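Visitor: Have a look at the structure that comes next, please.
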Amino acid sequence: GKSIIAKAVDLAGNESIASAGFGFGIYTVAPGAPVILSVGSTDSVVSSVAGDAVVSGSAVAGTTVTLYSGSSVLGAVVANAQGGWVYTLTAGNIATLGQGSDSIVAKAKDPVGNESIPSTAFSFIVDTLGSTISSVALISSTGGLNGTLNAGDVVTARVTFNEAVTVT
């Protein structure tokens, strides 16, 4: 760092005692690009599950990390003393991103305004809507006397959803 002191000189040329040194730094180099480590937990899917809309990464300690979707700013957070940062996507962020495949980048800015280049884009999926049934088709049934199903009758149906689902 640098240090500066001050002295006062009156009209007669008398010089004061030097002030205490004032230390400062000169920042002329932008911080390195931050790194996005994860979005939406470990599966890179932002869902409606509590805590699943988290973006985390690393950057130079003390820099302000701003997240972008295209030219839209999603939000900003300050990297901690170890360089880690965490940002939770808001409902507004998720609306901006929309459902489906997305990617975001981050930029870091130091305390005097020097901005990094963008991070590598991080791709992920937003899926916060529940599955919906598109159609139900009766394939076959046993029993069903006069079009009425009774206890113990076996029915086979094909249910089509708007997306892939896991049936348990």
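Visitor: Confirm whether Ile5 is over 19 Å from the mean Cα position of the chain (by Cα), loosely packed, with under 15 Cβ neighbours inside 10 Å and in contact (Cβ under 8 Å) with a residue 24 or more places away in the chain. Spell out the reasoning first.
Guide: Numbers: over 19 Å from the mean Cα position of the chain (by Cα): yes; loosely packed, with under 15 Cβ neighbours inside 10 Å: yes; in contact (Cβ under 8 Å) with a residue 24 or more places away in the chain: no.
It is false that Ile5 is over 19 Å from the mean Cα position of the chain (by Cα), loosely packed, with under 15 Cβ neighbours inside 10 Å and in contact (Cβ under 8 Å) with a residue 24 or more places away in the chain.
Visitor: Same structure again: Going by the structure shown, is Ile133 surrounded by 12 or more Cβ atoms within 10 Å (Cβ to Cβ) and not polar (S, T, N, Q)?
Guide: Details: surrounded by 12 or more Cβ atoms within 10 Å (Cβ to Cβ): no; not polar (S, T, N, Q): yes.
No: the conditions fail for Ile133.
Visitor: Tell me which of these Ser47 doesn't satisfy, since it passes every other one: (1) free of Cβ contacts under 8 Å to residues at least 12 places away in the same chain; (2) out of contact with any strand residue (DSSP E or B) (no Cβ under 8 Å at 6 or more places or on another chain); (3) not acidic (Asp, Glu).
Guide: Every condition holds for Ser47 apart from (1).
Visitor: Quickly run through the range 14-62 and pick out the residues that are surrounded by 14 or more Cβ atoms within 10 Å (Cβ to Cβ) and in contact with a helix residue (DSSP H, G or I) (Cβ under 8 Å, 6 or more places away or on another chain).
Guide: Val46, Asp52, Ala53, Val54
Visitor: Using the structure shown, decide if Ser44 is within 17 Å of the chain's Cα centre (by Cα) and hydroxyl-bearing (Ser, Thr, Tyr). Give the steps one after another, and end with the answer.
Guide: On the way: within 17 Å of the chain's Cα centre (by Cα): yes; hydroxyl-bearing (Ser, Thr, Tyr): yes.
When the stated conditions are applied, Ser44 passes them.
Visitor: Counting only residues that are assigned to a strand (DSSP E or B) and touching a Gly at 6+ places or on another chain (Cβ under 8 Å), how many does the range 75-85 have? Full working, then the answer.
Guide: At the first step, the residues of the range 75-85 found to be assigned to a strand (DSSP E or B) are 75-78, 84-85.
Going one step further and asking which of them are touching a Gly at 6+ places or on another chain (Cβ under 8 Å), we end up with 78, 84-85.
Residues flagged as assigned to a strand (DSSP E or B) and touching a Gly at 6+ places or on another chain (Cβ under 8 Å) within the range 75-85 amount to 3.
Visitor: Of the residues Thr160, Thr166, Thr128, which single one is within 33 Å of the chain's Cα centre (by Cα), among the polar types (S, T, N, Q) and open to solvent by 60 Å² or more (accessible area, probe 1.4 Å)? Steps first, answer last, please.
Guide: On the way: Thr160 fails: open to solvent by 60 Å² or more (accessible area, probe 1.4 Å); Thr128 fails: open to solvent by 60 Å² or more (accessible area, probe 1.4 Å).
On inspection, the qualifying residue turns out to be Thr166.
Visitor: If you take the residues of the range 63-74 that are among the β-branched types (Val, Ile, Thr) and in a strand (DSSP E or B), which of them is least open to solvent (accessible area, probe 1.4 Å)? Let's see the steps before the verdict.
Guide: Initially, the range 63-74 is screened for residues among the β-branched types (Val, Ile, Thr), giving 63-66, 73.
With in a strand (DSSP E or B) added as a condition, the list becomes 64-66, 73.
On the way: Thr64: 54, Val65: 1, Thr66: 27, Val73: 91 Å².
Per the criteria, the residue is Val65.
Visitor: Can you work out which of the residues in the range 97-125 that are at pLDDT 95 or above and in contact with a Leu (Cβ under 7 Å, 6 or more places away or on another chain) is surrounded by the most Cβ atoms within 10 Å (Cβ to Cβ)?
Guide: Across the range 97-125, the extreme among qualifying residues is Ala106.
Visitor: It is to be established whether one or more residues within the range 57-78 are aliphatic (A, V, I, L, M), without any contact (Cβ under 8 Å) to a residue 24 or more places away in the chain and within 23 Å of Gly130 (Cβ to Cβ). Before the answer, list the steps.
Guide: Let us first name the residues in the range 57-78 that are aliphatic (A, V, I, L, M), namely 59-61, 65, 67, 73-74, 76-78.
The next check asks that each one be without any contact (Cβ under 8 Å) to a residue 24 or more places away in the chain; those that pass are 61, 73, 76-78.
Filter once more, so that each one left must be within 23 Å of Gly130 (Cβ to Cβ): none.
Scanning the range 57-78 turns up no residue that is aliphatic (A, V, I, L, M), without any contact (Cβ under 8 Å) to a residue 24 or more places away in the chain and within 23 Å of Gly130 (Cβ to Cβ).
Visitor: From the set of residues in the range 126-168 that are charged (D, E, K, R) and modelled with pLDDT of 80 or more, which is farthest from Ser47 (Cα to Cα)? Can you show your working first?
Guide: Of the residues in the range 126-168, the ones charged (D, E, K, R) are 127, 153, 158, 163.
From what's left, modelled with pLDDT of 80 or more: 127, 153, 158.
Details: Asp127: 5, Asp153: 38, Arg158: 26 Å.
The selected residue is Asp153.
Visitor: Out of everything in the range 81-95 that is of a type outside the set (Val, Ile, Thr) and open to solvent by 70 Å² or more (accessible area, probe 1.4 Å), what residue ends up being nearest to Val126 (Cα to Cα)?
Guide: Here is the first cut: in the range 81-95, the ones of a type outside the set (Val, Ile, Thr) are 81-85, 87, 89, 91-93, 95.
Filter again for open to solvent by 70 Å² or more (accessible area, probe 1.4 Å), leaving 81-82, 91, 95.
On the way: Ala81: 30, Gln82: 29, Ala91: 12, Ala95: 10 Å.
Only one residue tops the list, namely Ala95.
The values are calculated or read from the model by the stated rules, or taken from the named source; none is laboratory data. What you are looking at is a predicted structure, and each value in this text was computed from that prediction instead of being measured. So basically every Cβ, Gly included, is an ideal-geometry build from the backbone, and we count neighbours across all protein chains shown. Please note that ligands, DNA and RNA were not included when accessible areas were found on the heavy atoms of the full protein model with its side chains. Shrake-Rupley method; radii C 1.70, N 1.55, O 1.52, S 1.80 Å.
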